[in-house]
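Worksheet: one structure, shown below.
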There are 4 protein chains.
Amino acid sequence: MIIMKADATPTQIKNVIREVEKHGLRTDVSRGDFRTIIGLIGDERKVSFERLAMLPGVKEARMIETPYKLISKEYAKAAGEKTERIVKVGDIEIGGDEVVFIAGPCAIESKKQLFTIAEGVKKAGAQILRGGIFKPRTSVHSFQGLGGGGEDDAREALSWLREAGDKFGMPVITEIRGETQVDLVAEYVDIIQIGARNMYDQDLLVSVAKKHKPILYKRHFGAGIEEFLSFTEYMVAEDNKDIILCERGILPLGKGKSYTRYTLDLAAVPVIQKETYLPVIVDPSHAAGRRDLVFSLSCAGVAAGAVGLIVESHNNPAEALVDSQQQITPAELKELITACKKIRRAIGDRHNGG
Amino acid sequence: MIIMKADATPTQIKNVIREVEKHGLRTDVSRGDFRTIIGLIGDERKVSFERLAMLPGVKEARMIETPYKLISKEYAKAAGEKTERIVKVGDIEIGGDEVVFIAGPCAIESKKQLFTIAEGVKKAGAQILRGGIFKPRTSVHSFQGLGGGGEDDAREALSWLREAGDKFGMPVITEIRGETQVDLVAEYVDIIQIGARNMYDQDLLVSVAKKHKPILYKRHFGAGIEEFLSFTEYMVAEDNKDIILCERGILPLGKGKSYTRYTLDLAAVPVIQKETYLPVIVDPSHAAGRRDLVFSLSCAGVAAGAVGLIVESHNNPAEALVDSQQQITPAELKELITACKKIRRAIGDRHNGG
Amino acid sequence: MIIMKADATPTQIKNVIREVEKHGLRTDVSRGDFRTIIGLIGDERKVSFERLAMLPGVKEARMIETPYKLISKEYAKAAGEKTERIVKVGDIEIGGDEVVFIAGPCAIESKKQLFTIAEGVKKAGAQILRGGIFKPRTSVHSFQGLGGGGEDDAREALSWLREAGDKFGMPVITEIRGETQVDLVAEYVDIIQIGARNMYDQDLLVSVAKKHKPILYKRHFGAGIEEFLSFTEYMVAEDNKDIILCERGILPLGKGKSYTRYTLDLAAVPVIQKETYLPVIVDPSHAAGRRDLVFSLSCAGVAAGAVGLIVESHNNPAEALVDSQQQITPAELKELITACKKIRRAIGDRHNGG
Amino acid sequence: MIIMKADATPTQIKNVIREVEKHGLRTDVSRGDFRTIIGLIGDERKVSFERLAMLPGVKEARMIETPYKLISKEYAKAAGEKTERIVKVGDIEIGGDEVVFIAGPCAIESKKQLFTIAEGVKKAGAQILRGGIFKPRTSVHSFQGLGGGGEDDAREALSWLREAGDKFGMPVITEIRGETQVDLVAEYVDIIQIGARNMYDQDLLVSVAKKHKPILYKRHFGAGIEEFLSFTEYMVAEDNKDIILCERGILPLGKGKSYTRYTLDLAAVPVIQKETYLPVIVDPSHAAGRRDLVFSLSCAGVAAGAVGLIVESHNNPAEALVDSQQQITPAELKELITACKKIRRAIGDRHNGG
């Protein structure tokens, strides 16, 4: 990390960047109100910080040991930037004054199903509409989402999602599973989701980040927090800081009967908020894997400081083609939203890692 | 489980018990307002339920497959008892209308230290006083609590705890670690704690249960929920139903840096509440292992439905002999209690697994 | 699964396939010596097995509940095929009479380094040469392999690998990380590796399988065995059965200091061998993460029944750019190979799940 | 740790001990051939090592940071003692030139059953006889072993075990579960076993160690290696170094179907052997939880360097009252012993962490 003097000139900044790039590294330049910070992308051991410190305009040059630097609170502070980033999607502010609720069906099954649910969740108080098209599935023998039917089917489902979002005034989000889907999905949605199973797919991360759209990025169930944040850095290194991080449950203890699909690691919420400036939300649906726990885990998530929730919702959960056990009705969603808003007020400014 | 007819006579009940005991099993008799239920303790495959069903006064006789029967909601329902038990300790109701806060130092270090902290936590709003005397420690080379100094030291520390509780109007609780400590501890405290590391110690469970005092029983960090409840049954089989269950964190994922000591499994709170009638509380201090997360995890615990919290509190955490990293001050405790009370109101009757 | 009569005609088989495809499923046809089996790929609940059973030429039609069917021993047996598949790569038989040793550097650093190591491991007794070009890395700030330098660099490194393999008479293998690398890599290597981090990347699996080259497929450190086998099915559903499965360690317990990078789950070797006909090998290097354990874990792997090992080897481990802690020298490799061959003889025909 | 000069006098040694005890610590004195080492038991921060270093006869005084010191290879080296301890039980050497096989029924059911099995395992090649009397059970409703029937039953079962051992020339071992059983068990057996579930029970450890008999100590399924070794130190601090450590499986991954009861962590074998001088054995039966994996895991254990195995064996596994799924017949035991002996020769002097 190189901190430039307050009066450093553009030429001096350019010189520093050139010096860094000479060693095969890339740079991330943060121009704060008071000073400019140059973050290094690549192996910092290749450059001489002593030499960099002596270049004109440089105030301080030092190595950052953590595998995630560009997303760290420390980096934001050094740049004089806000230590809590708000990701804006249309009028919605994720990480702002209100808890944000993302809701919709696990998988889009038909235009009618989608519109019915979209209307329901909007009335219940949700602000953003989700709907799965490319479903990651454990079994090749399971329904793979409408995206599994080929590009034409995928495009049609995407257009329904766009239309439903526009009709009910909600930005839309869907999950991407492979590099070949990036262009298509980016054409239609406001937020691109990278699911837990693709968390480690660094080529996909880079490819999505380059679209410069907000990204919802879920923690893998086997990933430590350091690893999760370290992979997040792949996207920010492409100069896309509109990343929303999502905790959705880690591996359960393997002892006896499993009462939930995953173990929701709620401590991860304040921990990540203390480490980075990115907003953190919670997915109670996949963590629980059962409808009757979604209320409690949603409330707990907001109480832990999450700035939003992504909840699977279906007008008729029992007949859903995917995840029928864990989707809640719009009526249940409404009850949950009401409680969560009160909880946000109860914790005051202690949300977001405060 | 044997359900007697509403008009079954005491002699008929006695006959059924005699028949069961003939096969080497013991019984648990629940006399509800409308009918009597006889629970079987031991291997149910040894008795003939067909034969039992034909005895006079018997309405229904059936095997229960779950390894925890006597503590199950199903059993309480069958007996016509309340499906949410309130454990009473003096005037305090654990599992009642208010969240209960248990607080105090990790380890009692001196009389002065204990009284200072007791006064502080009382003013902050805590209702029950905790203080460790027999400390389970990973290393034989660490401070083992005043109980490590022999029986006289232990007795003195226990008397301070009793005195502090009486002076500030709080029931008291301390942890027991081995069978030889049971008599001594039971003499002084209102609630006996069995810690996570002793969760599997079935001889200790039986020995403590026989004292017929309320027990705070913590889940081991490697224990599945089914296992935790199954071991709880050892105590209830001794006819002691005043058991408070406590979630305090399970093994963290072993990937990279650990940001917390354990992973607080908050889904366990509503899950256990759906399975059993026993009250469930949360220990945010040991789960976090760091002071700055205690507020968030406490709020999340109450939002998940916990009916109480046990929080390590110290007037001067930095100088504590044990767990100095995770204890909070009485001032911090007060802020936490205020927020938690609001959260309880926010979730309404959805606490306790509702 | 549909079992055709011994005298079923090609037309009858075609009719059955047409009937299945009508419902949106695909088929896998195994023509054994005595009969033909038609496996179903897709949601079996969509077809009527009663109806299929009545078609001409059909002996039996039944649903298979397991998420992995096409790779199951049961399926091979039904088709009259061998229940232990040998994957042939040139003259090498993986799953045959001898343990197969795959060795080479974690990452290819230069042509000279590669050739030196190739010669060393060949002399030590290795039969297949490995060398990493597209390195999956936790940190964007780490060396990403020569493949990180762009397509030209990748192609050059691949040509070295090919050349080294040809010169020293060893088939070659390298890892692939994203869909855009498939064509390029398939052009040069004999076996394509899909690493642990990409285990869940179903689009990549399909894309690699379509090359119809042998695949080395590693279990993710957070994946259950059922899940690992279930994802394997994505490749076999593309009619590629030359899959070598690899156990390389699962998440370690998160308690205290980690003495190894992962926990090598050796029971997985016989377990997988009992479930499927595919050969199973072990990677001791990544599991251990430290050189001094590679010998013991290699011996244990072969004793557990593994039909091969993939071992990171470097002429000068201390100076390796990646994984310097866990690579062993060719001399150490030789000692390990000698011991493993004796162990294979000691367990006799009990290798491979016997 | 205080290293005395070669010519230090008994009085000088006594003075150092007195100085240490003044601060509330205890000492462990190792008199090697060339010099004497004084290990400190308790919180080393309480003593001044600078002051100790200046006492007459002291060569060096330094703090050891690891939570296990008295059992560390470093400590043995400093004392000039052997870095691989052999635990002798009668004529049997655990940690000596041969792999040692401990076998017998999970639970003793009757005298006849025990003698039949004892004869069988002896003929198969086992050297030590095991038999459970106090069975730790998850459910209060399961068979608790003959020890569950009261002291008289326990004493009778213990006398059978003693008699069977004497008749067939095998030392005997049984598990202890609570402090009240220590005196009784120590009266009859040659090795006292502390099972996985009691690993954390420090009061029990101290109580057993004081009997000064060899102890077989099993790692808890949720315990890190550091923790396991740290608790071992409680026994050695009572001046009992005849401890045999046993790996028997850790928590399995909680993803999907479990194919084994636990995950056998075989890397723990060489890791522990590198850290401490105590012998390490493996229990394949409890790790697997199924008979058909016992052969493979036994071979893998010996290949990993274990100096012995403890295997559950029953003449009629299907009818065993406890663990019927995982016991093997004497015939299967014989095959396993034959293979393991060959494997031990195959790894040469690389057993025991070499």
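The values are calculated or read from the model by the stated rules, or taken from the named source; none is laboratory data. This is a predicted model, so every value here is computed, not measured. Note that each Cβ is placed from the backbone with ideal geometry, even for glycine, and that neighbours are counted across all protein chains shown.
Brief remarks follow.
- No other residue among B:K14, B:K46, B:K59 is more than 30 Å from B:H286 (Cα to Cα), at pLDDT below 90, of a type in the set (K, R) and not assigned by TED's automatic domain parsing to the domain that holds B:I191 apart from B:K46.
- Looking across the range B:145-159, the residues that are on the phi < 0 side of the Ramachandran plot and surrounded by fewer than 22 Cβ atoms within 10 Å (Cβ to Cβ) come down to B:G148, B:G149, B:E151, B:D152, B:D153, B:A154, B:R155, B:E156, B:S159.
- Residue count for the range C:235-250, restricted to those that are part of a loop (DSSP other than H, G, I, E, B) and either more than 14 Å from chain B (Cβ to nearest Cβ) or surrounded by fewer than 24 Cβ atoms within 10 Å (Cβ to Cβ) (or both): 7
- With respect to (1) among the small types (G, A, S); (2) touching a residue at least 60 places away in the same chain (Cβ under 8 Å); (3) touching a Leu at 6+ places or on another chain (Cβ under 6 Å), the lone exception for A:S230 is condition (3).
- Test: A:T138 is more than 10 Å from chain C (Cβ to nearest Cβ) and among the polar types (S, T, N, Q): no
- Test result for B:V206, at pLDDT 95 or above, among the β-branched types (V, I, T) and either on the phi > 0 side of the Ramachandran plot or surrounded by 23 or more Cβ atoms within 10 Å (Cβ to Cβ) (or both): no
- The test for being within 11 Å of chain D (Cβ to nearest Cβ) and of a type outside the set (V, I, T) does not hold for C:Y277.
- Some residue of the range A:335-349 being under 18 Å from A:I128 (Cβ atoms), away from chain B (no Cβ under 14 Å) and at pLDDT 90 or above: no
- Residues being in contact with a strand residue (DSSP E or B) (Cβ under 7 Å, 6 or more places away or on another chain) and either under 10 Å from B:I3 (Cα atoms) or not charged (D, E, K, R) (or both) - total across the range B:20-46: 13
- Set D:Y262, D:Y188: member being farther than 23 Å from D:E93 by Cα and of a type in the set (S, T, Y): D:Y262
- Single unsatisfied condition, C:A303 versus (1) at the interface with chain D (Cβ under 9 Å from one of its Cβ atoms); (2) surrounded by fewer than 24 Cβ atoms within 10 Å (Cβ to Cβ): (2)
- When we screen D:L52, D:L70 for residues that are without any contact (Cβ under 8 Å) to a residue 60 or more places away in the chain and in contact with a strand residue (DSSP E or B) (Cβ under 7 Å, 6 or more places away or on another chain), the only hit is D:L52.
- Test: D:F143 is closer than 19 Å to D:Q193 by Cα and among the aromatic types (F, W, Y): no
- Positions within the range C:38-62 being of a type in the set (D, E, K, R) and under 12 Å from C:Q12 (Cα atoms), in sequence order: C:K59
- Here D:V172 fits the description: of a type in the set (A, V, I, L, M), closer than 22 Å to D:N240 by Cβ and touching a residue at least 40 places away in the same chain (Cβ under 8 Å).
- Selection from the range C:203-234 of residues that are more than 8 Å from chain A (Cβ to nearest Cβ), assigned to a helix (DSSP H, G or I) and over 21 Å from C:V189 (Cα atoms): C:I225, C:E226, C:F228, C:L229
Every residue, every condition in (1) crowded, with 24+ Cβ neighbours inside 10 Å; (2) at pLDDT 95 or above; (3) of a type in the set (V, I, T), yes or no:
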site: B:S258; (1), (2), (3): no, no, no
site: B:Y262; (1), (2), (3): no, yes, no
site: B:V269; (1), (2), (3): yes, yes, yes
site: B:Q273; (1), (2), (3): yes, yes, no
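- Test: B:A287 is assigned to a helix (DSSP H, G or I), farther than 24 Å from A:R345 by Cβ and at the interface with another protein chain (Cβ under 9 Å from one of its Cβ atoms): yes
- Enumeration of residues in the range D:160-196 that are charged (D, E, K, R) and buried (at least 24 other Cβ atoms within 10 Å of the Cβ): D:E175, D:R177
- Count of the range D:107-130 residues which are hydrophobic (A, V, I, L, M, F, W, C) and closer than 28 Å to D:I86 by Cβ: 7
- Applying the condition of being touching a helix residue (DSSP H, G or I) at 6+ places or on another chain (Cβ under 6 Å) and among the aliphatic types (A, V, I, L, M) to the range C:321-336 and asking which residue is farthest from A:D43 (Cα to Cα) yields C:L336.
- Which listed residue is closer than 22 Å to B:I192 by Cβ, assigned by TED's automatic domain parsing to the domain that holds B:G169 and under 18 Å from the mean Cα position of the chain (by Cα), from B:P136, B:P105: B:P136
- Test set (1) within 11 Å of chain A (Cβ to nearest Cβ); (2) surrounded by fewer than 17 Cβ atoms within 10 Å (Cβ to Cβ); (3) in contact with a Gly (Cβ under 7 Å, 6 or more places away or on another chain) - C:I86 fails condition number: (1)
- Condition met for C:E19 (acidic (D, E), surrounded by 14 or more Cβ atoms within 10 Å (Cβ to Cβ) and outside any strand (DSSP E or B)): yes
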